[in-house]
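Below is one structure, written out as structure tokens; the observations come after it.
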Amino acid sequence: MHRWISIPFCTVFTIALLGNGTLLYVIKTEPSLHKPMFYFLSMLSTIDLVLSMTTMPKILSIFWFNAQEISFSGCLMQMFFLHSFSIMESAVLLAMAFDRYIAICIPLRYTTILTNAMIVKIGLAALSRAVLLMFPLPFLLRRLPYCRSHIIAHCYCEHMAVVKLACANSRFNNIYGIIVALFIVGFDLMFIGLSYVKILRAVLNLASKEERIKAFGTCISHICAILVFYTPVVLSSIIHRFGHHVASHIHILMANFYLLFPPMMNPIVYGVKTKQIRDRMLILFQKWCRSVVPNAELVGTMLSTRPSAIDYCHKKLSS
């Protein structure tokens, strides 16, 4: 069944690579998108690409070539990158909530607060927090003895899955993992929620209905990205620690879902909901169509005239 299972995995991986790569290209090549909101979006796309590349090649090699082995050092490295960039993604989503708060609640100070220097500082702070929190994990796992099975019940090296293989007391690792998860999810979600409470209050004070809809419209993409990222993370964490009677395939499915789904959905959500990106992508698609089909405009004109186009083609073929 591995080859059949690999089809949706490979499809999602391809969509994630193409979607995030296209999003980065559009933001880089379009000067009108060189704004704080899109800088944060490019950070999100870069993180999603790294998360996909960290896990998916190994997963597909398991499905396609039955390459089920990974070295202990390679496992720890994969785990470090996986969890570090997941923490960074949470920080970027928090930064994007801060961006929407300033844009809606104090728009006159937007350009003075979110300068390029401030965006760089936010990015470095997100990176530093992730590295500092995840740096002890490989050392904590390396000190444990592993005299039981060496088979990880997952498609990749996840912290709790590796801890369960240890045959010594791993309470400290469990406590550290819970503290980090609660700190990241609790801290970031609390401030994201606080930002949106203030945004909601500001939006409801707007005079016209059109202004309210427009203000809400700028936040829809970010709210979707938050739900796509945090819902699987929270469910997977709860199942890992408290779902002792949950079937193992549910654990594996949820763990894969929270890794695969956000990188695929983020470019789709932002590409569809953000007008500037949508317009730019349509222009790029039209240029590509013209390069592939030089007479695309002529064909489009002919097809738009319907019966006359058919008659025109018939006469040409007859002659």
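Does anyone have the angle between helix 116-134 and the longest principal axis of the chain? Alpha-carbon axes, 0 to 90°, nearest 10? Compared with the principal axis, the helix lies near 30 degrees. An oblate overall shape is assigned to the chain, the ratio a/c of its alpha-carbon gyration tensor axes (a ≥ b ≥ c) being 1.5 or greater and a/b not exceeding b/c. Against the main long axis of the alpha-carbon atoms of the chain, helix 36-65 sits at an angle near 70°.
A Gaussian network model of the chain, with springs between Cα atoms under 10 Å, assigns the largest mean-square fluctuation among P138, P262, P31 to P31. Take the Cβ-Cβ distance between A117 and F187 as r, set R0 to 22 Å, and report the resulting FRET efficiency rounded to the nearest 0.05. Efficiency, from the Cβ-Cβ distance: 0.35. Taking all protein chains together, L18, L76 sort by accessible area into L18, L76, largest first [probe 1.4 Å].
Set the Förster radius R0 to 35 Å, insert the Cβ-Cβ distance between N174 and T29 as r into 1/(1 + (r/R0)^6), and round the FRET efficiency to 0.05.
Efficiency for this residue pair is about 0.15.
Computed on protein heavy atoms with a 1.4 Å probe, the accessible areas place Y156, Y176 in the order Y176, Y156, largest first.
Distances between placed amide hydrogens fall under 5 Å for L165 paired with no residue 5 or more residues away or on another chain.
Computed with a 1.4 Å probe on the full set of protein chains, the accessible area for M37 sits at about 40 Å².
Calculate, in nm to one decimal, what L282 and K164 gain on full extension: separation in residues at 0.36 nm each, minus their alpha carbon distance.
So the chain would gain 37.6 nm between L282 and K164.
Sequentially through segment 4-9, phi angles give Karplus couplings (6.51, -1.76, 1.60; θ = phi - 60°) of 6, 5, 5, 4, x, 4 Hz, Gly and Pro residues having no value and appearing as x. The amide H of L144, built 1.01 Å from its N in the peptide plane, has no neighbour under 5 Å, considering only residues 5 or more places off or on other chains. Helical content alone sets the calculated 222 nm signal of the chain at -28000 deg cm²/dmol, taking -39,500 (n - 2.57) per DSSP H segment of four or more residues and averaging over every residue. Accessible surface for R143 stands near 130 Å², nearest 10, in the context of the full protein assembly shown (1.4 Å probe). Holding the Cα-Cα limit at 27 Å, pick out from K209/K273; K35/K273; K58/K275; K28/K121; K209/K287; K58/K273 the pairs that are longer than that. Distance filter (> 27 Å) returns K58/K275; K209/K287; K58/K273. Working from Cα pairs under 8 Å separated by at least six residues, relative contact order for segment 1-84 is 37 percent. Phi-derived couplings, Karplus 6.51 cos²θ - 1.76 cosθ + 1.60 at θ = phi - 60°, listed residue by residue for segment 143-152: 6, 7, x, 10, 9, 9, 4, 9, 9, 8 Hz, with x used for Gly and Pro.
In order along segment 198-206, the Karplus-derived 3J(HN,Hα) couplings, from 6.51 cos²θ - 1.76 cosθ + 1.60 at θ = phi - 60°, round to 5, 4, 4, 5, 5, 5, 5, 7, 5 Hz, and Gly and Pro are given as x. For the chain, a Gaussian network of Cα nodes joined below 10 Å ranks K275, K198, K209 by mean-square fluctuation, and the top entry is K209.
Using alpha-carbon pairs under 8 Å, 6+ residues apart, how would you state the relative contact order of the chain in percent? Intermediate results must be reported in sequence, preceding the final value.
Numbers: 267 pairs, mean separation 73.7, N = 319.
Across the chain, relative contact order equals 23 percent.
The values are calculated or read from the model by the stated rules, or taken from the named source; none is laboratory data. Quick caveat, the model's predicted, so the values are computed rather than measured. For neighbour counting, all protein chains shown are included, and Cβ atoms are generated from backbone atoms with ideal geometry for every residue, glycine included. Please note that ligands, DNA and RNA were not included when accessible areas were found on the heavy atoms of the full protein model with its side chains. Shrake-Rupley method; radii C 1.70, N 1.55, O 1.52, S 1.80 Å.
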